[in-house]
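**Q** Have a look at this one before I ask anything.
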Amino acid sequence: MISDSPLVLAATRQPVPHTPVWFMRQAGRSLPEYRALREGTAMLEACRTPDLVTEITLQPVRRHKADAAIFFSDIVVPLAAVGVDLDIVPGTGPVVPAPFRTRADLDRLPDLTADAIPDITESVRRLVGELGPTPLIGFAGAPFTLASYLVEGGPSKTHEQTKALMHGDPQLWNDLCERLAQISGAFLRVQVEAGAGAVQLFDSWVGALSRADYTAYVQKHSATALAAVADLGVPRIHFGVGTGELFELMGAAGAEVVGVDYRVSLTDAVARLGDGYAVQGNLDPALLGAPWDVLEARVRAIVDEGRDAPGHIFNLGHGVPPHADPDVLTRIVEVVHEHSAR
Ligand code: CP3
């Protein structure tokens with residue numbers, strides 16, 4: 001049963017046979033079998049092809065024996081599904097040729113309904129059948145992070161246009177995020193209804209905001225997206241990069257698990273969160289390239305720290321870098337399992 005899996009047990013702060021481990025971006029470019037399969041198929045097209053989605057999602061679970069699969073897709077897939085003109089450019093990321101800037105642009109963001117993404121339902125159903133007791137994590141991008149791609153027109157380090165809209169026209173910002181929360185929530189719901197055993201809401205870039213701005217302009221929209229699956233009983237993981245100042249606000253948005261990147265220790269994260277949350281993290285992905293003995297010591301230390309947390313899911317602080325050695329990931333899974341065995 002998925003509800004007895006180490007991932008779900010840890011997420012719901014119950015005793016586990018061992019610390020569960022999976023990696024953000026485990027399905028992707030660090031795997032030669034992924035690169036071979038993706039040859040000649042554009043990213044967005046791959047995400048809408050159930051044969052490819054199923055195989056790519058399973059590859060890292062088979063290879064590393066991870067405790068969960070992450071659905072192979074992208075945060076911009078639901079935006080493309082409602083008709084937004086965009087592309088995922090290799091080496092760059094999502095690019096929106098006509099960025100969102102005015103009220104008229106809201107017309108380009110209709111609601112997402114399940115009938116627009118039958119392939120997602122099919123891929124999830126097939127995966128759940130193949131994965132057996134291993135949970136599939138469904139995911140979506142959070143309104144702020146999606147808004148950043150739409151408003152900037154592509155990846156941004158400073159999110160200047162996004163913040164300009166947020167502060168310059170709060171009403172339009174609010175209306176945009178309401179639409180995005182519906183799209184994001186519907187994308188999560190389709191995955192859970194098809195059998196995903198947990199979800200993760202990626203607010204990757206929200207660490208760019210102050211607590212005051214997060215509270216005023218973002219939190220309620222992420223809460224709407226997370227609430228879309230609240231009645232379905234699956235654990236919800238809420239993740240962002242550099243969000244140490246926002247942890248308890250992100251938890252309060254409606255998550256069972258809060259993602260912790262490597263900037264804050266698990267112990268400090270638990271203290272900041274207060275009671276009632278499990279934590280996920282927090283190995284610095286850059287350490288994947290460190291000498292094995294250094295890396296192994298760090299992995300063990302994180303497992304030890306996680307034992308004092310109410311519930312701990314081992315992960316990286318952010319995604320697997322494309323040049324990471326996949327064998328190192330396999331060895332990390334072995335060490336986490338062995339060192340945490342109860
Ligand atoms: O293993 C997994 O995590 C599987 C699925 C997954 C992808 N994207 C596949 C992907 C997930 C969960 C995402 C989420 C995603 N996409 C996020 C949130 C996670 C995070 O990193 O914070 C963000 C910000 C995006 C937007 C995006 N899409 C970026 C920044 C990129 C990388 C661009 C590049 O080429 O460097 C993408 C493309 C993308 N999404 C790839 C993959 C495997 C690479 C595409 C390829 O193989 O050519």
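The values are calculated or read from the model by the stated rules, or taken from the named source; none is laboratory data. Not measured: the values here are computed from a predicted model. Glycine also receives a Cβ, built like all others from the backbone with ideal geometry; neighbour counts cover every protein chain displayed.
**Q** Restricting the stretch 44-58 to residues that are in a helix (DSSP H, G or I) and out of contact with any helix residue (DSSP H, G or I) (no Cβ under 7 Å at 6 or more places or on another chain), which is farthest from the ligand (Cβ to nearest atom)?
**A** Checked the stretch 44-58; the qualifying residue farthest from the ligand (Cβ to nearest atom) is Asp51.
**Q** Right, something else. Of the residues Asp107, Asp119, only one is surrounded by fewer than 17 Cβ atoms within 10 Å (Cβ to Cβ), more than 29 Å from Gly289 (Cα to Cα), acidic (Asp, Glu) and free of Cβ contacts under 8 Å to residues at least 60 places away in the same chain; which? If you could, list the steps in order and put the result at the bottom.
**A** Numbers: Asp119 fails: free of Cβ contacts under 8 Å to residues at least 60 places away in the same chain.
Result: Asp107 is the single residue among Asp107, Asp119 that is surrounded by fewer than 17 Cβ atoms within 10 Å (Cβ to Cβ), more than 29 Å from Gly289 (Cα to Cα), acidic (Asp, Glu) and free of Cβ contacts under 8 Å to residues at least 60 places away in the same chain.
**Q** With the checklist (1) in contact with a His (Cβ under 6 Å, 6 or more places away or on another chain); (2) within 16 Å of the ligand (Cβ to nearest atom) in hand, flag the one item Ala181 doesn't pass.
**A** (2)
**Q** Of all residues in the stretch 223-247, count the ones that are closer than 22 Å to Asn282 by Cβ and in contact with a strand residue (DSSP E or B) (Cβ under 7 Å, 6 or more places away or on another chain). Full working, then the answer.
**A** Step one: list which residues in the stretch 223-247 are closer than 22 Å to Asn282 by Cβ, which gives 226, 235-247.
Within this subset, residues satisfying the condition of being in contact with a strand residue (DSSP E or B) (Cβ under 7 Å, 6 or more places away or on another chain) are 226, 235-240, 247.
Residues in the stretch 223-247 being closer than 22 Å to Asn282 by Cβ and in contact with a strand residue (DSSP E or B) (Cβ under 7 Å, 6 or more places away or on another chain): 8 in total.
**Q** So which residues in the stretch 286-323 are surrounded by fewer than 22 Cβ atoms within 10 Å (Cβ to Cβ) and within 16 Å of the ligand (Cβ to nearest atom)?
**A** Selection gives Ala286, Leu288, Gly319, Pro321, Pro322, His323.
**Q** Moving to a separate point now. Could we say that Pro78 is closer than 20 Å to Thr49 by Cβ, out of contact with any Pro (no Cβ under 6 Å at 6 or more places or on another chain) and loosely packed, with under 11 Cβ neighbours inside 10 Å here? Spell out how you get there, then give the answer.
**A** Numbers: closer than 20 Å to Thr49 by Cβ: yes; out of contact with any Pro (no Cβ under 6 Å at 6 or more places or on another chain): yes; loosely packed, with under 11 Cβ neighbours inside 10 Å: no.
The answer is no for Pro78.
**Q** Does the stretch 1-52 hold any residues that are out of contact with any strand residue (DSSP E or B) (no Cβ under 6 Å at 6 or more places or on another chain) and among the hydroxyl-bearing types (Ser, Thr, Tyr), and which are they?
**A** Within the stretch 1-52, Ser3, Ser5, Thr12, Ser30, Tyr34, Thr41, Thr49 qualify.
**Q** While we're here: Among the residues of the stretch 22-32, are any within 15 Å of the ligand (Cβ to nearest atom), surrounded by fewer than 18 Cβ atoms within 10 Å (Cβ to Cβ) and outside any loop (DSSP other than H, G, I, E, B)?
**A** To start, the set of residues in the stretch 22-32 that are within 15 Å of the ligand (Cβ to nearest atom) comprises 22-32.
Filter once more, so that each one left must be surrounded by fewer than 18 Cβ atoms within 10 Å (Cβ to Cβ): 25, 29, 32.
Still in the list and also outside any loop (DSSP other than H, G, I, E, B): 32.
Yes - at least one qualifying residue is present in the stretch 22-32.
**Q** Take Ala301 and decide whether it is within 19 Å of Pro20 (Cβ to Cβ), of a type in the set (Gly, Ala, Ser) and out of contact with any Lys or Arg (no Cβ under 8 Å at 6 or more places or on another chain).
**A** Values: within 19 Å of Pro20 (Cβ to Cβ): yes; of a type in the set (Gly, Ala, Ser): yes; out of contact with any Lys or Arg (no Cβ under 8 Å at 6 or more places or on another chain): yes.
Yes.
**Q** Restricting attention to the stretch 201-239, which residues are of a type in the set (Ser, Thr, Tyr) and either out of contact with any Ser or Thr (no Cβ under 8 Å at 6 or more places or on another chain) or at pLDDT below 95 (or both)? It would help to see each step written out before you state the result.
**A** Let us first name the residues in the stretch 201-239 that are of a type in the set (Ser, Thr, Tyr), namely 204, 210, 214-215, 217, 222, 224.
Residues satisfying the conditions are Ser210, Tyr214, Thr215, Tyr217, Ser222, Thr224.
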